[in-house]
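The values are calculated or read from the model by the stated rules, or taken from the named source; none is laboratory data. Small disclaimer: the values here were computed from a predicted structure and weren't measured. Reconstructed Cβ throughout: ideal geometry from the backbone, glycine too, with neighbour counts over all protein chains shown.
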Ligand code: UTP
């Protein structure tokens, strides 16, 4: 089996972010900051650290702040330079000319549909998908790429959750397990309590073969009336190698208000500059 190198990553950022209203009425959810960095920047940095060369955003209306974030900011840069301020915090965010690539999802018809909108740019290559509202600390994509380079085919994230939470997620039906790698025999979307085939949920990190785009071509809406990526991935099982990879690190679901606050607190406490102050305040607050 020839394992094609992974060069491209798709970032679906066209969702409406209704769980985070009113913050997301005029501002993209992916621009919410954890401490001082927007979610989208954490995700792009995670992909670049994993060797990704081409960044593809699937955007929609009202998302121009995302595009501006990765562009030159002439006024800001000129003023900062003139005032002798350090550029360290904004250097390196700007991508190389011609990148990122932006494609439009005209209507938020679901994650599967968003990924499909990138089909012309992905072409005949394997590609990663990163959902920026899930913040991963510990370099998840880099670990997944190392697994992909050995296994080929499709490699999706697999994270253990308590039995009481399996009904909230897409769940992996496991085959053979070898350390962090689990063979995937089926995918079940939000199984009813007590029926989950495992407690391995699928987080928002995927490495997929381009054939999933052909499946998405004819995909009908599934759960919630949305075109589901899980349904399309499920059809690849049995035809191509398909594995789950368990991450050694921390996941924060920042599309959810509670998860977002947890991420801010954890990352603030870990910082040398503000950590001690935040810790002292939290201790006072909690008595
Ligand atoms: P979510 O399931 O979190 O949906 O999408 P959402 O619409 O953003 O948020 P809620 O549920 O209304 O609060 C996961 C990721 O997929 C993208 C989102 O932008 C997010 O990064 N997405 C989702 C799209 O790009 N298009 C879609 O049609 C749906």
**OP:** Determine whether region 88-99 contains at least one residue that is touching a strand residue (DSSP E or B) at 6+ places or on another chain (Cβ under 7 Å) and within 12 Å of the ligand (Cβ to nearest atom).
**Re:** no
**OP:** Would you check which residues across region 228-246 are over 14 Å from residue 170 (Cα atoms) and surrounded by fewer than 21 Cβ atoms within 10 Å (Cβ to Cβ) and list them?
**Re:** 235, 236, 237, 238, 239, 240, 241, 246
**OP:** Go through region 2-21 and give me each residue that's out of contact with any helix residue (DSSP H, G or I) (no Cβ under 6 Å at 6 or more places or on another chain) and under 14 Å from residue 260 (Cβ atoms).
**Re:** 19, 21
Original post:
In region 100-115, what residues are near the ligand (Cβ under 6 Å from one of its atoms), farther than 15 Å from residue 225 by Cβ and out of contact with any strand residue (DSSP E or B) (no Cβ under 6 Å at 6 or more places or on another chain)?
Top reply: none
**OP:** Within region 124-160, track down each residue that is away from the ligand (no atom under 16 Å from the Cβ) and in contact with a helix residue (DSSP H, G or I) (Cβ under 9 Å, 6 or more places away or on another chain).
**Re:** 126, 137, 139, 142, 154, 155
Original post:
If residue 144 passes every condition in (1) surrounded by fewer than 17 Cβ atoms within 10 Å (Cβ to Cβ); (2) at pLDDT 95 or above; (3) on the phi < 0 side of the Ramachandran plot but one, which one does it miss?
Top reply: (1)
Original post:
Say we look at region 11-29 and pick out the residues that are surrounded by 13 or more Cβ atoms within 10 Å (Cβ to Cβ) and either without any contact (Cβ under 8 Å) to a residue 40 or more places away in the chain or under 12 Å from residue 65 (Cα atoms) (or both); which of these is nearest to the chain's Cα centre (by Cα)?
Top reply: 13
**OP:** Could you tell me whether region 16-35 includes any residue that is assigned to a strand (DSSP E or B) and within 13 Å of the ligand (Cβ to nearest atom)?
**Re:** no
Original post:
Among (1) touching a strand residue (DSSP E or B) at 6+ places or on another chain (Cβ under 8 Å); (2) at pLDDT below 95, which single condition is residue 151 missing?
Top reply: (2)
